[in-house]
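Just so it is clear, none of the values below were taken in a lab; they were calculated from the coordinates. Since we're looking at a predicted model, the values are computed, not measured. Note: ideal-geometry Cβ built from the backbone for every residue, glycine included; neighbour counts use all protein chains shown.
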């Protein structure tokens, strides 16, 4: 897993816009790159949205951080046979 992931705190983003924003950021990644999403609230729902999208080269890992924070690591795996995630209709 990549070291030094960029952290995005979604607490300031409207819940209805979070998954769209994250998929947009994900699409801009090169294979092997990633970012992490942090929140003071549970990220279970957001993790389910990412996983149920069934993107072949998307790896999602949920973990707990100190002080009650939650974190999801989102990685674009290296897979030469997989194109875009398809979330934008492309």
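Quick notes on this one:
- Two-site label geometry, residue 31 and residue 56: point separation in nm, points 7 Å out along Cα→Cβ: 1.1
- Figure legend: label point modelled 7 angstrom from the Cα of residue 78 along Cα→Cβ; residues of the stretch 21-45 with amide N under 18 Å from it are 29-35.
- The stretch 6-76: C-alpha gyration tensor shape, a/c 1.5 cut-off, then a/b vs b/c: prolate
- Estimated inter-spin distance, residue 45 and residue 63, nm [label 7 Å along Cα→Cβ]: 2.5
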